[in-house]
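Below is one structure, written out as structure tokens, with a few remarks after it.
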Amino acid sequence: MIDLMPTSEEQAAAIVLAHAETNRPLAICGGDTRSGFGNAVASEDRLRSTRLSGIVAYNPGEMVMTVRSGTPLAEVEAVLSQNGQMLAFEPMDHRPVMRRSGEPTIGGVFAANVSGPRRLIAGAARDSLLGVRFINGRGEIIKAGGRVMKNVTGLDLVKLVAGSHGTLGFLTEVTFRVPPRPKTEQTLVLSGLNDAEAANAMAAAMALPVEVSSAAHLPLTVTWKFLAGKLPEGEATVLRVEGLAGSVDVRIEKLAAVMSAFATVTRLDEPESQRLWQEIRDVLPYADGTTRPVWRVSVAPGTGHQLVAALRLEAGVDAFYDWQGGLVWMRMEADPEAELVRRFIKALGGGHATLIRASAVARAATAAFHPEPEAVAMLSRRVKEKFDPAGIFNPGKMG
């Protein structure tokens, strides 16, 4: 594969135009850390953003940052940390679970709409995105959105590009919100609850006026893999509280008083809490060096454990739960069982199952993204035709 690495928007636009005129497909890529996402793309040329790097505009007082798409995520987070700010949606690092190397880019984060445990209250990556610049399939440079939420021109287009996995255009620049970083955090651990009991406890916790920012349940099969086995014995239902130190202390006390009716409770102070949520974010239990299929399933919070229980009657599956049970990470012991997984999701009221990891053979035989209803699929095709009339961007990746 030939890597094409433009150093300017104009160079990128010329490359896209040349490929569109000759109907040559382009694989769109940043740091190559999430290339396993989606269906395989057949292309001899890969257009990469890594030389479109650097911070374009950043005033901490405005809480908005504009960055070229190929800028390493680590560089962005380091600058934000120095100024007491953050990416609220807490993007996952897919390298461990997908067995990839390289450096994640900020453009790749938004192109894949990557979000972590704090999505529960902060929203997804696209919810922080204010503006984009990108090259469409005609080789035109497009600007949408702006640096403030009041400028709604093109805002829907911004949301559309986020999560499109490079199928609609080649991102060159992103503008996004950067709120203050919490001064500290603590995590309450409820021990010994089964999946159904944990779902009830998490629902009760989220209903309390204590601003729980993250809620996850770690069954017995995975608890020993977190914090190097230092979590309390038994299943662990974990609830994070963030903010000013005095506020966190008061809120965690109130939370513990209510949650003690559900299970034995213990606390994790800031260092262990931060480490735990990073490990949950990066799906540590399934970063096992294998190609056993891993699913990312989004369902209603109260149905996640029901899905896993139903699947276990017919297939070997391990799982744990984030987003109050609404995000289920599942590792299959053998085949992906896509038809089974998606049939049960439909029976439980709907949701989405994305195949994150599998062997090459399994990936070739399995639709990675959840099939869309026909009306939605038709609309998606029309949008794709408008953005990329020659169909050169990541053909086949999403369908």
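The values are calculated or read from the model by the stated rules, or taken from the named source; none is laboratory data. Just so it is clear, the model here is predicted, and its values are computed rather than measured. Positions of Cβ are backbone-derived with ideal geometry, glycine not excepted, and every protein chain shown enters the neighbour counts. Note: areas computed on protein heavy atoms with side chains; ligands, DNA, RNA excluded. Shrake-Rupley method; radii C 1.70, N 1.55, O 1.52, S 1.80 Å.
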Exercise for the section: Kindly indicate which of 290, 237, 223, 303 is crowded, with 17+ Cβ neighbours inside 10 Å and in the same structural domain as residue 326 (by the TED database). Expected result: 303
Practice task
Determine whether residue 128 is open to solvent by 10 Å² or more (accessible area, probe 1.4 Å) and of a type in the set (S, T, N, Q).
Solution key: no
Handout entry: Restricting the stretch 252-294 to residues that are among the aliphatic types (A, V, I, L, M) and not in a helix (DSSP H, G or I), the residue that is nearest to residue 118 (Cα to Cα)
Key = 283
Practice task
Considering each of 239, 218, 171, 255 in turn, give the residue that is at pLDDT 95 or above and within 30 Å of residue 53 (Cα to Cα).
Solution key: 171
Practice task
Please name all residue pairs, on different chains or six or more residues apart, with Cβ atoms under 9 Å, provided the first residue is in the stretch 39-51 and is within 20 Å of residue 365 (Cβ to Cβ) and outside the structural domain of residue 20 (by the TED database) and the second residue is at pLDDT below 95 and not small (Gly, Ala, Ser).
Solution key: none
Problem - Scan of the stretch 18-41 for residues that are surrounded by 17 or more Cβ atoms within 10 Å (Cβ to Cβ), of a type in the set (A, V, I, L, M) and in a helix (DSSP H, G or I), ordered by number - result: 20
Practice task
For residues that are touching a strand residue (DSSP E or B) at 6+ places or on another chain (Cβ under 8 Å) and closer than 14 Å to residue 9 by Cβ, tally how many sit in the stretch 123-139.
Solution key: 5
Completion exercise
Result of the Cβ filter at 6 Å on the stretch 356-374, keeping first residues that are in contact (Cβ under 8 Å) with a residue 40 or more places away in the chain and on the phi < 0 side of the Ramachandran plot and partners that are assigned to a loop (DSSP other than H, G, I, E, B) and open to solvent by 20 Å² or more (accessible area, probe 1.4 Å), at least 6 apart or interchain, is 359/291; 368/39; 369/398
Exercise for the section: Return the only residue of 7, 71 being of a type in the set (Ser, Thr, Tyr) and open to solvent by 20 Å² or more (accessible area, probe 1.4 Å). Expected result: 7
Problem - Elements of type helices (runs of 4 or more DSSP H) contained in the stretch 295-399, each with 3 or more residues being over 19 Å from the mean Cα position of the chain (by Cα) and within 30 Å of residue 26 (Cβ to Cβ) - result: 360-365, 374-387
Exercise for the section: With respect to residue 108, determine if the residue is modelled with pLDDT of 95 or more, open to solvent by 10 Å² or more (accessible area, probe 1.4 Å) and touching a Ser or Thr at 6+ places or on another chain (Cβ under 8 Å). Expected result: yes
Problem - In the stretch 82-113, the residues that are of a type outside the set (Gly, Ala, Ser), in contact with a His (Cβ under 9 Å, 6 or more places away or on another chain) and in contact (Cβ under 8 Å) with a residue 60 or more places away in the chain - result: 100, 104
